[in-house]
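These notes concern the structure reproduced below.
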Amino acid sequence: MVEPSLVLYGALYERALGVLDETLRETGARYALLIDRKGFVLAHKEALWAPKPPPLDSLATLVAGNAAATQALAKLLGEARFQEVVHQGEHMGLYVDEAGEAALLVLVFDENAPLGKIKLHGKRAAETLARLAEEALANPPKLNLDTQYREEAKALLDELFGN
Amino acid sequence: MSTINFANREINFKIVYYGPGLSGKTTNLKWIYSRIPEGRKGEMVSLATEDERTLFFDFLPLDLGEVKGFKTRFHLYTVPGQVFYNASRKLILRGVDGIVFVADSAPNRLRANAESMRNMRENLAEYGLKVEDLPVVLQVNKRDLPDALPVEMVRAVVDPEGRFPTFEAVATEGRGVFETLKEVSRLVLARVGSGA
């Protein structure tokens with residue numbers, strides 16, 4: 001079967017944003033993202049004081065790739081999964097945790113954010129987001145895109161790639 | 001299946017360039033990156049070895065533009081072609097919406113083309129997918145080689161039933177690159193809203 005697509009919208013999306021926002025406040029992290037396992041950003045929040053983030057597409061893609069590789073490593077070693085992943089450099093750090101089977105929570109933090117808080121609140125947030133993702137998967141929205149969408153998209157393909 | 005972000009009104013598609021090592025997958029992406037105007041593309045990410053062989057993947061996000069109020073975007077990936085990187089290759093296929101299979105026209109790569117296609121079928125099967133379930137476009141690359149095999153011969157080993165739209169290409173010069181991408185994009189978009 002084709003992997004179900006995780007779509008957040010409406011109240012669920014707002015709740016996800018609320019969780020990300022609260023996590024930023026509790027941890028002092030710069031950016032919080034909820035991404036799917038394919039590497040697409042589902043929701044993100046930035047701390048008001050934080051400088052412009054790096055390209056989120058690249059960040060999400062690399063994190064998803066990394067998480068997939070980590071999961072494959074766990075299986076090789078006979079583990080069902082490895083818990084959260086933390087990368088720490090001189091000034092910046094990255095926390096990644098599973099938000100259920102279909103999504104990942106990503107926190108980007110600097111040296112002012114205590115790692116203990118990042119892990120504690122990151123774990124809590126990931127659990128809440130996992131429940132939201134489960135709800136979203138159980139109630140996929142109907143996408144009312146019709147032939148007109150396809151026609152308009154085709155016109156844009158001509159424009160971008162030539163006739 | 002496409003990823004839809006209703007909040008940002010975005011529809012995202014994942015297109016993967018597959019094929020044997022050194023067939024020109026990364027070259028396709030580099031050409032696309034060099035020709036797409038700023039503002040319609042993001043940063044290209046390459047996870048490669050020092051000798052520029054793809055280690056994990058290349059990644060290039062493209063903006064098609066806004067369609068019926070939805071920003072429509074393509075995420076292009078390549079897989080590492082070398083046989084021993086299969087674990088990485090499998091991971092990249094997760095959630096794929098469309099595939100470009102880049103085959104090599106060199107006579108001594110005919111077997112590698114066939115093996116790569118077989119490997120792709122096996123890896124898709126691990127996600128419960130069949131090649132027949134997905135939009136796949138075949139690009140027969142390196143048509144400028146003096147001893148390039150006839151397209152039909154390459155096709156006979158990777159697509160004997162003649163199912164996939166096929167394009168000849170010289171990716172180093174950009175020949176056939178956009179045509180291939182446009183076709184796979186068209187096929188992927190054609191499935192939107194069709195329940196596929």
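No value in this document is a laboratory result; all are computed from the given coordinates. Values in this document were obtained by computation on a predicted structure and should not be read as measured data. All Cβ positions, glycine included, derive from the backbone under ideal geometry; neighbour counts span all protein chains shown.
Send over the per residue convex hull volume for the protein assembly as shown, Cα only, as a whole number of Å³.
Convex hull of Cα atoms, per residue: 143 Å³.
The longest stretch of chain B left intact once loop-based trypsin sites (Lys or Arg not before Pro) with at most 12 other Cβ atoms within 10 Å are removed from consideration, loops following DSSP, is B:1-129. Across the alpha-carbon set of region B:83-196, the Rg to Rh ratio works out to 0.97, Rh being the Kirkwood radius.
All alpha carbon pair distances within chain A were sorted into 5 Å bins beginning at 0; the resulting P(r) in whole percents reads 1, 8, 16, 18, 18, 13, 9, 7, 5, 2, 0, 0.
Of the beta bridges DSSP finds with both residues in region B:4-126, what % are antiparallel, to the nearest 5?
In region B:4-126, approximately 55 percent of DSSP beta bridges are antiparallel ones.
Only helices enter the 222 nm calculation for chain A: every DSSP H run of n ≥ 4 contributes -39,500 (n - 2.57), and dividing by all residues gives -16500 deg cm²/dmol, rounded to 500. Angle of helix B:110-126 to the longest C-alpha principal axis of chain B, folded into 0 to 90 degrees and rounded to 10: 40°.
Dimensions of chain B from C-alpha coordinates, computed as largest minus smallest value along each principal axis and given longest first, are 50, 34, 28 Å.
Taking other Cβ atoms within 10 Å as a rough exposure proxy, B:Ser88, B:Ser105 sort from fewest to most as B:Ser88, B:Ser105. The distance linking region A:121-163 with region B:147-175 is 33 Å (Cα centroid to Cα centroid, whole angstrom).
Axis angle, to the nearest 10 degrees, between helix B:177-190 and the longest C-alpha principal axis of chain B: 50 degrees. Applying D = kT/(6 pi eta Rh) to region A:9-105, where Rh is the Kirkwood radius over alpha-carbon pairs, T corresponds to 37 °C and eta to 0.692 mPa s, the Stokes-Einstein value obtained is 231 µm²/s. Considering only B:Glu52, B:Glu126, B:Glu115, the mean-square fluctuation computed in a Gaussian network model of chain B, springs between alpha carbons under 10 angstrom, is largest for B:Glu52.
Taking chain A as a Gaussian network of alpha-carbon nodes connected by springs under 10 Å, the highest mean-square fluctuation of the residues A:Tyr13, A:Tyr31, A:Tyr149 belongs to A:Tyr149. For chain A, lysine pairs separated by 8 or more sequence positions, or belonging to different chains, with Cα-Cα distances below 28 Å total 17.
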